[in-house]
Amino acid sequence: MMFAPAPYLLKDVSVSQVMTQVCIALVPGIAAYAWLVGPAILAQIVIASLAALLAEALMLRIQGKPLAMFLSDGSAVVTAWLIALAFPPLAPWWLVVTGTVFAIVVAKQLYGGLGQNPFNPAMIAFAVCIVAFPALMSQWPSVGLQLSLVDQMNVILGFMPRVDALSGATPLDAMKTALKLGEGSVDVAHLLANQDIYGNFAGRGWEWVAVGYLLGGLWMLQRKLITWHVPTAFIGALVAISGALWLYNPAQFASPLFHLFSGAAMLGAFFIATDPVSGCTTPRGKLIFGAGCGLLAYIIRVFGGYPDGVAFAVLLLNLCAPVIDLLTQPPIFGMKDKA
Amino acid sequence: MLMNLFKFKGGVKPPTNKTQSVTLPIAQAPLPSRLVVPLHQSIGGVPQPVVQAGDKVLKGQLIGEADGWISAAVHAPTSGTVLEVAMHVQPHPSGLDAMCVVIEPDGKDEWIERQPFDYANAAPEAVREYLQQSGVVGLGGAVFPTHGKLTPSKTVPMEELVINGAECEPFITCDDLLMRERAEEVVRGIGIFRDLLQPKKVLIGIEDNKPEAAAAMRAAVDALGESFSVVPVPTLYPAGGAKQLIRVLTGKEVPASKRSTDLGVQCFNVATAYTAWRAIAHGEPVVSRLVTLSGNVHAPRNYEVLIGTPMGELLQLAQPHPDTDGIVMGGPMMGFLVPDANVPVVKATNCLIAHSDRIFPPKAPEMPCIRCGSCAQACPHELQPFEMYWFSRAKNFGKTQEYHIFDCIECGCCSFVCPSRIPLVQYFRFAKSEIWAREREKKAADTAKERFEFKQLREEREKAEKAEKLAKAAAAQAAKKAAEAAAAAAAENTDPAAATPPVAETAPSTDATPAVAVDAAQEAKKAAIAAAMARAKAQREAAQPKNTEVLSSAAQHDVADIEARRAAAHLTDPEPGTPPAPASEKAE
Ligand code: SF4
Ligand code: SF4
């Protein structure tokens, strides 16, 4: 006779369903990306996904874990997609593969696999690659660059020299450099108006990609895949600090809108900082986590040495997550002190 | 009446599966071939059998006598012959056997002489005892003896009496049908509880997916002229958990560490109220109950079933489908697969669900926890199930307690929502039982330790007393010596002052005496100091073990190290056994 335990009814959810929905939520952002920046990103996503699945399969095989069960959980694919989206779209294929393999093998599987990684694997990939290959990781194509899909693929695959036009910087980086070099004589409004890489309120093209992520994020909120805490705190903190400095000196500091829709802010707020495995889990912990990410991302962006701060901010907060969780345990039923 | 309802956090909405079994009225289940009546059917002491094999019994006749205050009597469900009083397998997840009275029905179903209880003229104490003798226990599933919950707290005024008609578990509809068909008797039963507890308000909570039941109850309340409120509560599992229902109706949260009466609330199931009324008004002890038969069956329905009816036999009434592979007692969220189809229906059996893979698909393999937090969001007790799971798995039970594992009501909401298919509740049950086992072991060890410590303490005390005695004797001797010397000196000098007491300080300053007298005085002083030191030491030693004994070996090692360094630096007393410290170190 069986002694299976209650409950006998289970909700129809699974890890792979959760991960699939995260991927679906990324689709609007990816669509905008492919439309505005170039379809090569789709190739990068495929390359990263294949690399992630292969690396995961290899590691599972070595550890003797059931391949099908874990490969189908979808977590490696989510990591791969985030890596592809965080890397420059025309990065050489081996860079993306290196980052992905490192993320899966070291940042995930060596820590014990699904659910065990203390750091966000995609952000580890980004951090490792930007430290190891700073030049390649900063080459963002300008939107005006009219490369055909074939040319884009040739760049990625290394069949075509990385033309000079490619060695542009991200809008965030360009702004920082210009402001630094200009030493007060250059102002933000002027930059935004006169440089080709800027669109209406942030990097040209990128702002719409960020809007795509925002839409996907809102859909995840509506589906209760994530809670409001992390994105709200992330965006709130980013707006607060950028807003304060912008009001203080609008010539030297870009507006909150610019920061929200540049770089990985939206992707970070909804898809990266919300990673439950490496993030905080208590409601107050999530608020602290999100706000910390937003603040740090801004500080690194504006005052630090890297073009975008989201990856390092998330990784630093990953480090603090266990302590934050411990210190923010919510009171339980019947133990709320009303006095 | 409009009422302000409160919400409890968490909860889930499993498919209710209730409509199947409410289409037909309650039916009477036929007499089974045999009845196996367990003696232990309520929380508390195991009732003592008062019949033996061969005895003829009548329906309602006492067969098991309540053992102690928290216990309730057990009665013969029908007339017939006692075949044996023996161990039989129980409807319990453990699959263990327990003492049962096995009765072969004679088919006449002949009652004992039934007499209504003169409730109007009885003292509350007598009513409680009568309910205990009638075997009235909580029929919601917890089977706590009802009389035990009917004593109002002396310090906290009884504010609300909550009647639980919520019935939130999927599939179960016996309370629904009871309220629809027998509302008047339920309401009369509630009246008894009201009289005993004297609450300010009586609130009857019914999930809003049972409008017929609520209407019937409201009509009965009105017809009887009572002032009870029938309150529809939102359909959300586990709204029928006593603590959740209390929360929803009164806003009060009863933590695990407290009883609801401490907050001025008490809660009873509707079926309990019904049986209390049957006992008082008709002299009928609890020998049957309503059971929902549902699940993988052709004809789901509610039956009035004699306690002791074998479940397999009973389930046949609902015509289970051929692929039925087990029986779940209770609901799908908190019930369990019974270990054997022959286990009997007991007072806690509210529902039997025919199990098959079709209605309860086998669980997908367990994946690692991804800390998604769904479980914490679903937990009605606002716990952090994934943390408790993590520490249960790591067998770090102390930590599970820090995360309040004993506040877990095992409602199953966390397991229900977990995308990784982790059987969380199972881990919690395991952790709880481990903690209990260790608690028991520790108690035994503590008792032994206490005994040992007491013996040590006594020995120390005896030693100290001995030392004191010795010191006293020495002092007395020294004093005697001094006196003798003084006397001798006095005799020599033939001084009239010799009559004065030979106190050292006032000793006459003659040539011969001073040395002796001063010597004696010092001797006495030394002895007193030694005695005092011995006492202090004994005290210190008796007090010391308390905080150093439970240290881990590493910590003990550290302490030893520190002590060694302190000794090397002469910061501490020399080792015991060496002579007392110099007089400059004051002992008192
Ligand atoms: S629901 Fe399951 S996977 Fe999610 S945090 Fe809880 S235990 Fe982990
Ligand atoms: S079973 Fe326990 S931990 Fe899980 S939801 Fe219910 S009360 Fe919370």
Between the modelled labels at residue A:323 and residue B:53 (7 Å from Cα along Cα→Cβ) the distance in nm is 7.1 nm
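Would you mind getting the Kirkwood hydrodynamic radius of the protein assembly as shown from its Cα pairs, rounded to one decimal in Å? Working shown, then result.
Values: mean 1/r = 0.0291 Å⁻¹.
Every distinct Cα pair counted, the radius reaches 34.4 Å.
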Per its Cα gyration tensor (rounded if a/c is under 1.5, else prolate when a/b beats b/c, else oblate), segment B:209-363 is best filed as prolate
May I ask for the net charge around residue B:24, where only other residues with Cβ less than 14 Å from the Cβ of residue B:24 are counted and Lys, Arg are +1 while Asp, Glu are -1? -1
Give, ordered by residue number, each residue of segment A:10-30 whose 1.4 Å probe accessible area is reduced by a minimum of 50 Å² on adding the remaining protein chains to the chain alone. A:10, A:11, A:13, A:15
Normalising by the residue count of chain A, find the relative contact order in percent from Cα pairs under 8 Å and 6+ residues apart. 18 percent
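Please average, across the residues of B:409-422, the number of beta carbons from any other chain that are within 10 Å of each residue's own beta carbon, and give a whole number. Could the numbers behind the result be given before it?
Details: counts 1, 3, 2, 6, 2, 1, 7, 7, 4, 5, 11, 7, 4, 0.
Per residue, the number of nearby Cβ atoms from other chains is 4 on average.
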Find which of B:135, B:326, A:101 sits farthest along the positive direction of the dipole of the protein assembly as shown, computed with +1 on the beta-carbon of Lys and Arg, -1 on that of Asp and Glu, about the Cα centre. A:101
Given a Förster distance of 56 Å, the FRET efficiency implied by the Cβ-Cβ spacing of residue A:149 and residue B:399, rounded to the nearest 0.05, works out to 0.55
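Please report the antiparallel percentage of DSSP beta bridges with both residues in chain B, rounded to the nearest 5. Can you show the working numbers first?
Details: 35 of 57 bridges.
Looking only at bridges with both residues in chain B, the antiparallel portion is about 60 percent.
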Given q = 0.25 Å⁻¹, what are the Debye log10 I(q)/I(0) values for segment B:269-342, with equal point scatterers placed on the Cα positions and solvent ignored? -1.20
Rounded to 10°, Cα long-axis angle of helix A:206-222 versus longest principal axis of chain A: 20 degrees
Listing of segment B:334-356 residues, each with accessible area lower by at least 30 Å² in the full protein assembly than in the chain alone (probe 1.4 Å): B:337, B:339
Hey, if you put +1 on the Cβ of every Lys and Arg and -1 on every Asp and Glu Cβ in chain B, which of B:186, B:417, B:98 ends up farthest toward the positive end of that dipole? B:417
Let me know the shape class of segment A:255-339, please: from the alpha-carbon gyration tensor, a ≥ b ≥ c as square roots of the eigenvalues, rounded when a/c is under 1.5, otherwise prolate if a/b is greater than b/c, or oblate. prolate
Taking only Cα atoms, what is the 0 to 90° angle, nearest 10, from helix A:229-248's long axis to the longest principal axis of chain A? 30 degrees
Result for chain B, cysteines with no Cys Cβ partner under 4.7 Å, is B:100, B:168, B:174, B:267, B:351, B:369, B:372, B:379, B:408, B:411, B:413, B:418
Order A:85-93, B:63-71 from most to least packed using the mean count of other Cβ atoms within 10 Å. A:85-93, B:63-71
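In chain B, carbon and sulfur make up what percent of the accessible area (probe 1.4 Å)?
On the way: 15760 of 28440 Å².
Ligands and nucleic acids excluded, carbon and sulfur give 55 percent.
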Provide the packing ranking of B:93-99, A:102-108, i.e. peptides ordered by the mean count of other C-beta atoms within 10 Å per residue, highest first. A:102-108, B:93-99
For chain B, what does the alpha-carbon gyration tensor say about shape, rounded, prolate or oblate, given a ≥ b ≥ c as the root eigenvalues, a/c under 1.5 as rounded, and a/b over b/c as prolate? prolate
Taking H as built 1.01 Å from N, whose amide H comes closer than 5 Å to the amide H of residue B:159, not counting residues under 5 places away? B:200, B:265
Given a Förster distance of 60 angstrom, what is the FRET efficiency for residue B:319 paired with residue A:61, based on the Cβ-Cβ distance and rounded to 0.05? 0.75
A student asked for the Cα radius of gyration and Dmax of segment A:1-147 in angstrom ought to give 17.5, 70
With no solvent term and unit scatterers on the alpha-carbon positions of chain A, Debye gives log₁₀ I(q)/I(0) at q = 0.07, 0.09, 0.10 Å⁻¹ of -0.30, -0.49, -0.60
Once amide hydrogens are built 1.01 Å from N within the peptide plane, the residues lying 5 or more places from residue B:288 or on another chain with amide H under 5 Å from its amide H are B:307
Taking a probe of 1.4 Å and leaving out DNA, RNA and ligands, segment A:209-270 shows per residue an accessible area in Å² of 40 Å²
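Please give the average number of partner chain Cβ atoms lying within 10 Å of the Cβ of each residue in A:323-334, rounded to a whole number. Intermediate results must be reported in sequence, preceding the final value.
Numbers: counts 0, 0, 3, 2, 0, 0, 6, 5, 2, 13, 18, 14.
Neighbouring Cβ atoms belonging to other protein chains average 5 per residue here.
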Unit charges on C-beta of K, R, D, E only; dipole of segment B:206-349, Debye: 460 debye
Placed amide H near residue B:351: partners under 5 Å, 5+ positions off or other chain: B:292, B:330
Treating the angle as unsigned and between 0 and 90°, give the value, to the nearest 10°, between the Cα long axis of helix A:121-132 and the longest Cα principal axis of chain A. 40 degrees
Total accessible area lost when B and A pair, probe 1.4 Å, Å² to nearest 100: 4100 Å²
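Do the sum for the protein assembly as shown: with -39,500 (n - 2.57) for every DSSP H run of n ≥ 4, divided by all residues, what is the mean residue ellipticity at 222 nm, to the nearest 500 deg cm²/dmol? All intermediate terms of the calculation are to be shown ahead of the outcome.
Working: 29 runs with 418 residues, N = 927.
About -14500 deg cm²/dmol.
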With point charges of +1 on the Cβ of Lys and Arg and -1 on the Cβ of Asp and Glu, referenced to the Cα centre of segment A:233-339, which listed residue (A:250, A:334, A:305) lies farthest in the positive direction of the dipole? A:334
Sequence of B:89, B:202 from largest to smallest accessible area, 1.4 Å probe: B:89, B:202
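For B:361-369, what's the mean count of beta carbons from other chains sitting within 10 Å of each residue's beta carbon? Write out the running numbers ahead of the final one.
On the way: counts 4, 2, 5, 5, 2, 1, 9, 10, 6.
Per residue, the average neighbour count from other chains is 5.
Over segment A:47-110, give the accessible area per residue in Å² for a 1.4 Å probe, as an integer. Present the calculation step by step, with values, prior to reporting the outcome.
Numbers: 2260 Å² over 64 residues.
Each residue of segment A:47-110 exposes 35 Å² on average to a 1.4 Å probe.
The values are calculated or read from the model by the stated rules, or taken from the named source; none is laboratory data. Bear in mind the structure is a predicted one, so any value in this text is a computation, not a measurement. Neighbour counts are summed over all protein chains in view; Cβ atoms, including those assigned to glycine, are modelled from backbone coordinates with ideal geometry. Ligands, DNA and RNA are excluded from the accessible area calculation, which covers all protein heavy atoms including side chains. Shrake-Rupley method; radii C 1.70, N 1.55, O 1.52, S 1.80 Å.
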